[in-house]
1. Looking only at the range 340-365, count how many residues are of a type in the set (A, V, I, L, M, F, W, C), touching a strand residue (DSSP E or B) at 6+ places or on another chain (Cβ under 7 Å) and away from ligand 2 (no atom under 16 Å from the Cβ).
2. Might you let me know whether the range 343-360 holds any residue that is modelled with pLDDT under 85, within 12 Å of ligand 1 (Cβ to nearest atom) and within 20 Å of Trp425 (Cβ to Cβ)?
3. Condition check: in contact with a Phe, Trp or Tyr (Cβ under 8 Å, 6 or more places away or on another chain) and not assigned by TED's automatic domain parsing to the domain that holds Val424. Does Glu497 satisfy that?
4. I'd like to check which strands (runs of 3 or more DSSP E) are fully inside the range 405-520 and have at least 1 residues that are in contact with an Asp or Glu (Cβ under 8 Å, 6 or more places away or on another chain) and within 19 Å of Lys351 (Cβ to Cβ).
5. Name the one entry in Leu323, Leu302, Leu337 that is surrounded by fewer than 22 Cβ atoms within 10 Å (Cβ to Cβ) and modelled with pLDDT of 80 or more.
6. List the number of the failed condition for Glu240; all other conditions in (1) part of a helix (DSSP H, G or I); (2) more than 18 Å from Arg277 (Cβ to Cβ) hold.
7. Scan the range 412-449 residue by residue and report those that are in contact with a Leu (Cβ under 9 Å, 6 or more places away or on another chain) and exposed (fewer than 12 other Cβ atoms within 10 Å of the Cβ).
8. Please work out if Ala477 is of a type in the set (Gly, Ala, Ser) and in contact with a helix residue (DSSP H, G or I) (Cβ under 6 Å, 6 or more places away or on another chain).
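The values are calculated or read from the model by the stated rules, or taken from the named source; none is laboratory data. Bear in mind that the values here come from a model prediction, so they are computed numbers and not experimental data. Glycine also receives a Cβ, built like all others from the backbone with ideal geometry; neighbour counts cover every protein chain displayed. Ligands, DNA and RNA are excluded from the accessible area calculation, which covers all protein heavy atoms including side chains. Shrake-Rupley method; radii C 1.70, N 1.55, O 1.52, S 1.80 Å.
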Amino acid sequence: MATFFFNPTSPPAKSATPSPPRFAPPHLHQFFPINISLSPRKGRIRGIRVLKESAEVETEGSGEVGVNGSTIDAVSEAPVSPPPRVSIRSKNRAEASSESSSDRFKSRNGGEKAYLVGVECKGSEDDSFGIEDSLKELAQLADTAGLLVVGSTYQKLASRNPRTYIGSGKVAEIKSAVHALDVETVIFDDELSPGQLRNLEKAFGGDVRVCDRTALILDIFNQRAATHEAALQVSLAQMEYQLPRLTKMWTHLERQSGGQVKGMGEKQIEVDKRILRTQISALRKELESVRQHRKQYRNRRLSVPVPVVSLVGYTNAGKSTLLNRLTGADVLAEDQLFATLDPTTRRVQMKNGSEFLLTDTVGFIQKLPTTLVAAFRATLEEISESSLLVHVVDISHPLSQQQIDAVDKVLKELDVELIPKLVVWNKVDKTDDPITVRKEAERQGIICISAITGDGLDEFCNAVQEKLKDSMVPVEAIVPYEKGELLNDIYRVGMVERTEYMENGTFVRAHVPLPLARVLTPLRQQVVAVH
Ligand SMILES: Nc1nc2c(ncn2[C@@H]2O[C@H](COP(=O)(O)OP(=O)(O)OP(=O)(O)O)[C@@H](O)[C@H]2O)c(=O)[nH]1
Ligand SMILES: [Mg+2]
């Protein structure tokens, strides 16, 4: 496996021109390999060291998108060119989307051979998908990461083995399979402890590397991070993942020194851990400042309180396709897991003139590592600041109910359960029996759409408006004639129920977002005086 080359001695060089990562033999006091990257060996190296080198703050996005025949401003967390520091394999969205499927096929064929291992444990909460389906999803993840899956196995256990996660018989079985199939990486479907990783690597022997679902997801995120903030978040999550696993380094030193300098190795690990901790805290600070910048930028853009609606859902449910369809945006949408990492916001203008902002977010997945949820908390704040969550469900997926449960679980972790939610069943065109699906949706009061064909989108927008009304405040105000813009704002972001021309202005009864209701407070008092 290619390894991370993290240079604990190099100071964070904020404005330094990033140099391409070099494959160099690890020098004990300068570089050490951290054995979690899944990049195929040849020429695919990614480095945390270079992740730190570019600290320029992301530039503001702007653009024009046409909606319903009109041209309006786009509010965008602009996808910028990928930071050169992330990975030599990372590519920006344009590159990713322009890459032909045959190219990807070639790269997969040339990818590292991987073997998958799952465990089903009695009474485990995490097993709602069933072991075979969970392994299928793991294979999709491996494929997304560019690996070539050559085999898989699973074991049903009463309890996990604390040393090797699976039983010793299974370890022996996998060992012969990986040697027969010339496997380079064995991927476990659940998070392994550092000790289990080490013991399994020892047991399989040779060059066989062991990693878990978390490392695989981190690797995909690393490849896909296209903005500075996403790159920072991913590298923070990677460092946090690596910290307890630095004990791996001990094995490495032990091997190099023939087991003679145990004391030396231990000392070095302590030093390395301390340095990694320092880097983690520097990264957190940098992330905070990028985040503040984004917040200011967002606040500036959102000076008029247009309600924000966030699309949430399982990865591959069709969130980006829906955003593209409704707003004419060109967010990468493809049949791959975690196509989207960075939030993108666009304005949706309804036929009746009212507007809302629609934000596309990173997809969720079952067994989402807590470190990753925590690292992406800042990005996911978009969600916590929205007036409405639209939970996009791929209703054609055989495990749609399990996916719904997994999404609800993450939303609970994010503490956003109080935000009103609208569930939509997407990909209804792909289901075996769309008529029955629609009937069931109607019975449950759920909107059925096809983001691909555009079916049900008018109904969807109306439902969004209705739901948004729940989050708005009813107001009655007299808007003076000289404050025509304010009346426009009420029409644009609120829902007007009645207007009447009065001597001193326009009387309006409407539901408006809370910030606008605050602006209208003095005018509301005027109504009281009139009545
Ligand atoms: N048949 C059909 N396919 C759809 C529909 N909506 C989306 N898709 C396809 O589903 C795949 C995933 O769509 P995306 O929009 O990338 O999904 P996403 O939810 O943004 O996925 P992530 O960014 O990975 O979380 C793409 O191949 C889309 O073309 C639909 O209504 N019908
Ligand atoms: Mg997406």
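1. 3
2. no
3. no
4. 505-512
5. Values: Leu323 fails: surrounded by fewer than 22 Cβ atoms within 10 Å (Cβ to Cβ); Leu302 fails: modelled with pLDDT of 80 or more.
None of the others qualify; the one that does is Leu337.
6. Condition (2) is where Glu240 drops out.
7. The one that is in contact with a Leu (Cβ under 9 Å, 6 or more places away or on another chain) and exposed (fewer than 12 other Cβ atoms within 10 Å of the Cβ): Glu417.
8. Details: of a type in the set (Gly, Ala, Ser): yes; in contact with a helix residue (DSSP H, G or I) (Cβ under 6 Å, 6 or more places away or on another chain): yes.
For Ala477, the condition - of a type in the set (Gly, Ala, Ser) and in contact with a helix residue (DSSP H, G or I) (Cβ under 6 Å, 6 or more places away or on another chain) - is met.
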